[in-house]
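Each remark here refers to the structure printed beneath this line.
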Amino acid sequence: MINAFTVDLEEWFCGHILNKAVKKNEWNNQELRIVEDTRRMLRLFSRHDTEATFFVLGWLAERSPELVKEIADHGHEIATHGYSHTSLTEMTPASFEEDLKKALDVTRRCVKQEILGFRAPSFTITTKTLWALQILKDNGIRYDSSVFPLSLHPDYGIGNAPLAIHKLNDTLIEVPLSCVEILGKRIPCGGGYFRLYPYGLTKALLKRCNRQGRPAVFYLHPWELDPAQPRVKLGPINTLRHYYNLDKTAERVDRLLADFRFTSIRKLLGL
Ligand SMILES: [Zn+2]
């Protein structure tokens, strides 16, 4: 079975966890590491002849258009992660549409391919933000990959959402992040969970997902392969979530790409 490998292309300081430590008006003053971090990923994908989907943050596309072009030139899919990395739960439909249009505009200037996919910052398509789906459709988006079908996390997730890829309406497809059901509990994979679990557990979960007839939809950020990124002071839980096992991720990705077959979401969906 072929799975989807996805990357949320953003700097080490763009994530929700670092919001308070590095404010948005300080983003321009931070050390930029995305080029080096992304090239580390591109080398791994090339080594395993793997195509992936990159959900590019518009803010980054505006600053590093050459990097977005370089990713596309490697044969990967370019999709959008919105412009400002604002959670949808903190936006109105009007401000979300403005953010999305700006992201699409700057990203389209970097590449020739059509932008088909969207991933919400911090997976914030929840039961409170389903209004966003119509806006995605109106702006030419063909699939959304933002729903985490679990209720474990305080900031995101739809606990009873389908685990499998499904049609939301005649034109929009939902590609949920992978969870595996074990004894009635949904166990997530990818990102911080990938760093937290021993590699063997991720492998077992992905195998189980495939055995249940579903391709895995795996995700990672370039900074998760960068143990030398600047460290900021976070609380103990967020320190664990953000910094745990950064030095092991690259080697684990190498193993993952050898153990499973991956492609981009556009290829998986035949778009
Ligand atoms: Zn993100």
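The values are calculated or read from the model by the stated rules, or taken from the named source; none is laboratory data. Please read all numbers here as calculations on a predicted model, not as lab measurements. Here Cβ is always computed from backbone atoms with ideal geometry, including for glycine, and neighbour counts include all displayed protein chains. Just the protein is used for accessible areas: all its heavy atoms, side chains included, with ligands, DNA and RNA removed. Shrake-Rupley method; radii C 1.70, N 1.55, O 1.52, S 1.80 Å.
General observations
- Rounded to the nearest Hz, the phi-derived 3J(HN,Hα) couplings of the range 226-232 under the Karplus curve 6.51 cos²θ - 1.76 cosθ + 1.60 (θ = phi - 60°) are 10, x, 8, 5, x, 9, 10, where x marks glycine and proline.
- Local electrostatic count, residue 45, Cβ distance below 11 Å [Lys/Arg +1, Asp/Glu -1]: +1
- Within the range 40-84, the proportion of C-alpha pairs whose separation exceeds 12 Å stands at 59%.
- When the C-alpha to C-alpha distance is required to be over 21 Å, the pairs from 128/185; 24/101; 102/137; 24/137; 137/207 that qualify are 128/185; 24/137; 137/207.
- Rounded to two decimals, the Cα-based Rg/Rh of the range 38-152, with Kirkwood Rh, is 0.98.
- Classified by the C-alpha gyration tensor, the range 2-269 has a rounded form. Its axis ratio a/c, with a ≥ b ≥ c, is below 1.5.
- Alpha-carbon centroids, the range 44-73 and the range 147-184: separation in whole Å: 25 Å
- Once backbone amide H atoms are built at 1.01 Å from N, residue 80 has 56, 117, 118, 119 as its partners under 5 Å, excluding neighbours fewer than 5 places away on the same chain.
- Vicinal HN-Hα couplings computed from phi for the range 57-72 (Karplus, 6.51 cos²θ - 1.76 cosθ + 1.60; Hz; Gly/Pro x): 6, x, 4, 6, 4, 5, 8, 10, x, 5, 5, 5, 5, 4, 4, 5
- This model, with +1 at the C-beta of Lys and Arg and -1 at the C-beta of Asp and Glu, gives the range 2-269 a dipole about its Cα centre of some 760 debye.
- Fully extended contour minus Cα-Cα distance, from residue 130 to residue 70, at 0.36 nm per residue: 18.3 nm
- For the chain, built as a Gaussian network whose Cα springs stay under 10 Å, the top-fluctuating residue of 108, 119, 43: 43
- Accessible surface of the range 2-269, 1.4 Å probe, proportion on carbon and sulfur as whole %: 52 percent
- Rg to Rh, two decimals, where the range 213-271 supplies the alpha carbon set and Rh follows Kirkwood: 1.09
- Modelled label reach - residue 271, point 7 Å along Cα→Cβ, the range 130-148 residues with backbone N closer than 15 Å: 133-147
- With an a/c value of 1.5 or above and a/b larger than b/c for the gyration tensor axes a ≥ b ≥ c computed over the alpha-carbon atoms, the range 131-271 is described as prolate.
- Spin-label model distance (nm) - residue 258 vs residue 35, 7 Å beyond Cα toward Cβ: 3.1 nm
- A 1.4 Å probe run over the protein chains yields, for the range 1-157, 42 Å² of accessible area per residue, whole-number rounding.
- Under Karplus coefficients 6.51, -1.76 and 1.60, residue-wise ³J(HN,Hα) of the range 18-25 in Hz, glycine/proline x: 8, 3, 7, 6, 10, 6, 4, 6
- Extension gain, residue 109 back to residue 23 (0.36 nm per residue minus Cα-Cα distance, nm): 28.3 nm
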